[in-house]
Amino acid sequence: MPASRLLPSEEAVDLVGLVRDLATKELAPLVADAERDEQFPRETFRLLGQAGVLGLPYPEQYGGGGLPYEVYLQVLEEIGAVWASVGVGVSVHALSCFGLATAGTEEQRQRWLPDMLAGDLLGAYCLSEPHAGSDPAAMTTRARREGDEYVITGAKAWTTHGGRADYYKVMARTGDGRGDISCFLVPGDADGLTADPPEHKMGLTASATATMRFDGVRVPVERRLGEEGEGLRIALAGLDAGRLGIAAVATGLAQGALDHALAYARHRETFGARIIDHQGLSFLLADMEAAIQTARAATLHAARLKDAGLPYGREASVAKLVATDNAMRVTTDAVQVLGGAGYTKDFPVERFMREAKVMQIFEGTNQIQRLVIGRSLDKGGDGRLWHR
C-alpha cells in the first residue's frame, strides 16, 4: 500500500488491498477486448456487487458496507486505475442510489435498495437534456399526474448505462416554475421507454452512453422519491457526491497511466542508460506523481468533510476540477514518456489519454466547477475549517 494512501482503519486497508487484487486479477484481463469491441461489462458489475463494492457508502441495514466515503473513494480509485469505464459505472450507479437512500421512504428503501446495492439492479441517472446539460433547471421532460400514476414524456441525453440499466433515476418537471422538478425511479422495462443507439465516443467505449426517450411512460406514484418539487434539490445534492466519485476515478486513471509510464521508463534504454535516469524524463515523472497526490489529497479532503457532516460542495467542485485536469495532463505526459510506442494501441496509455478527456466534461464541466467555486467564494468563507 503506497504511503500516500491514508486510510482510517486496518479493515479499510485490507478492503482497498482486496479490491486492488480483484481489479488486477479479474478486471484487467478483460479491459482491452471490451474497450476495443465496445462490450458492456454487465457481469463485471454483478461481480462487484457480490463483492460488496457497489454498496460501500450506504447503510448496512440495506445491504451496504456502512463505510466512510473516503474509503469508498479509494476503492473507486483502485478500479479506475485498471478500468475507467467500470469505475465511472460504479460511480454513476452509486449516484443512482442516492435519491432513494436519502429521500425515499423507509418502505421504498426496504423494497428496492438491497437489490441495487447487491448489483442485481444496475442503475442509471437521467438529468441532462440535449439543450439543458449544465442548466438542469431548464429541463423540458415532464411528468404529468394522472390519478395514482405519473406520465413522463421527454428525452434525457448522455445517460451512462443507457439502454442497459435495470432502472433510471429520472428528474422531470411537475410544475411550471424553474424549480418545479421531481425525482422518479423508472423501471428499465417500462412501456414507452426506449434508448437511442449508443453514442460513438472517443473513450470509455465499453460504457454505454445513450439518449433515453420517454414516450408516455407511466410510473406509479409510489416510485416518486421525495415530495413534488424536491427533485432538483435531490439532484444537486447527489451531484456533490457524484463529483467526488469522478474525481476518484480520474485520480485512479492518472495513477494507472503513471504506473505504465514508470514501468516503461525503468526498462527502456537510450544513450546507454534507462530513460528514467535522464533528468528531463525523471522530472516529468516527478510532476506526474505530484499531480496525482494533489488530486488525491483534494478528493479525500472533501470526502472527510462529507463524512463529518460538514458542507463540502465547494471542495467537491475543487476536487473534481483538480483531479480531472490533472488526469488529462498526466495521461498526456504518459504518452510522451513512451514516445512513439505511446501513440500506438500496443500500450494502454493512448486509451487512458482518450478516457481522461471526458472526465473534464461530465458531472458538470470544469468551467461549471469554476463557476460553482467562484459563487461559493462570493458568499464568504474559505477552505479553512474554522471559517465554517
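Laboratory data are not the source of any read-out in this text; all were calculated from the coordinates shown. The structure presented is a predicted model; accordingly, all values stated were derived computationally and were not measured. FYI the Cβ positions are ideal-geometry reconstructions off the backbone, even for glycines, and counts take in every protein chain you see.
Treat every Asp and Glu Cβ in region 232-281 as -1 and every Lys and Arg Cβ as +1, leave all other atoms uncharged, and give the resulting dipole magnitude about the Cα centre to the nearest 20 debye.
120
Going by a ≥ b ≥ c, the root eigenvalues of the Cα gyration tensor, does the chain fall in the rounded group (a/c under 1.5), the prolate group (a/b larger than b/c) or the oblate group?
prolate
What's the angle, to the nearest 10 degrees (0 to 90), between helix 279-307's Cα axis and the longest principal axis of the chain?
Helix 279-307 sits roughly 30 degrees off the main axis of the chain.
Taking the Cα centre as origin and putting +1 on Lys and Arg beta-carbons and -1 on Asp and Glu beta-carbons, what dipole magnitude results for region 337-388, to the nearest 20 debye?
200
Pick out, from V318, Q61, P198, the residue whose Cα sits farthest towards the positive end of the charge dipole of the chain, with +1 on the Cβ of Lys and Arg and -1 on the Cβ of Asp and Glu.
The Cα lying farthest towards the positive end belongs to V318.
When Rg is the radius of gyration of the Cα atoms in region 123-229 and Rh is its Kirkwood radius, what does Rg/Rh come to?
Radius of gyration relative to Kirkwood radius: 0.96.
Counting pairwise Cα distances across region 72-147, what percent come out greater than 16 angstrom?
65
Could you please state, rounded to a whole Å, how far the C-alpha centre of region 301-378 is from the C-alpha centre of region 208-281?
Comparing the Cα centres of region 301-378 and region 208-281, I get a distance of 8 Å.
What angle, in degrees between 0 and 90 and rounded to the nearest 10, separates the Cα long axis of helix 106-117 from the longest principal axis of the Cα atoms of the chain?
Result, in degrees: 30.
Can you give the helix-only mean residue ellipticity at 222 nm for the chain, where every DSSP H stretch with n ≥ 4 adds -39500 (n - 2.57) and the sum goes over all residues, rounded to the nearest 500 deg cm²/dmol?
Computed ellipticity for the chain at 222 nm equals -17000 deg cm²/dmol.
How many lysine pairs are close in the chain, with Cα atoms under 26 Å apart and the two 8 or more places apart or on different chains?
Step by step, the pairs that qualify in the chain add up to 17.
If you count, for each residue, the other Cβ atoms within 10 Å and average over each peptide, how do 230-241, 118-129 line up from highest to lowest?
118-129, 230-241
Can you give me the Cα centroid spacing of region 56-107 and region 185-199 in angstrom?
23
Which whole-Hz couplings ³J(HN,Hα) result when phi for each residue of region 123-129 is put into the Karplus expression 6.51 cos²θ - 1.76 cosθ + 1.60, θ = phi - 60°, listed in order with x for Gly and Pro?
x, 9, 10, 10, 10, 5, 10
How big is D, in µm² s⁻¹, for region 233-387 by Stokes-Einstein at 10 °C and 1.306 mPa s if Rh is the Kirkwood radius over C-alpha pairs?
In µm²/s, the coefficient rounds to 97.
Sort region 10-117 into rounded, prolate or oblate with this rule: let a ≥ b ≥ c be the square roots of the eigenvalues of the Cα gyration tensor; rounded if a/c is under 1.5, and if a/c is not under 1.5, prolate when a/b is larger than b/c, oblate otherwise.
Judged from the Cα gyration tensor, region 10-117 comes out oblate (a/c at least 1.5, b/c at or above a/b).
How do K306, K379 line up, fewest other C-beta atoms within 10 Å first?
K379, K306
With only Lys, Arg, Asp and Glu charged, each at its Cβ (+1 for the first two, -1 for the last two), find how big the charge dipole of region 118-178 is about the Cα centre; round to the nearest 20 debye.
Using only the charged Cβ atoms, the result is roughly 180 debye.
Just flag the trypsin sites (Lys or Arg not before Pro) in region 147-203 sitting in loop per DSSP whose Cβ has no more than 13 other Cβ atoms within 10 Å.
The qualifying sites are R178.
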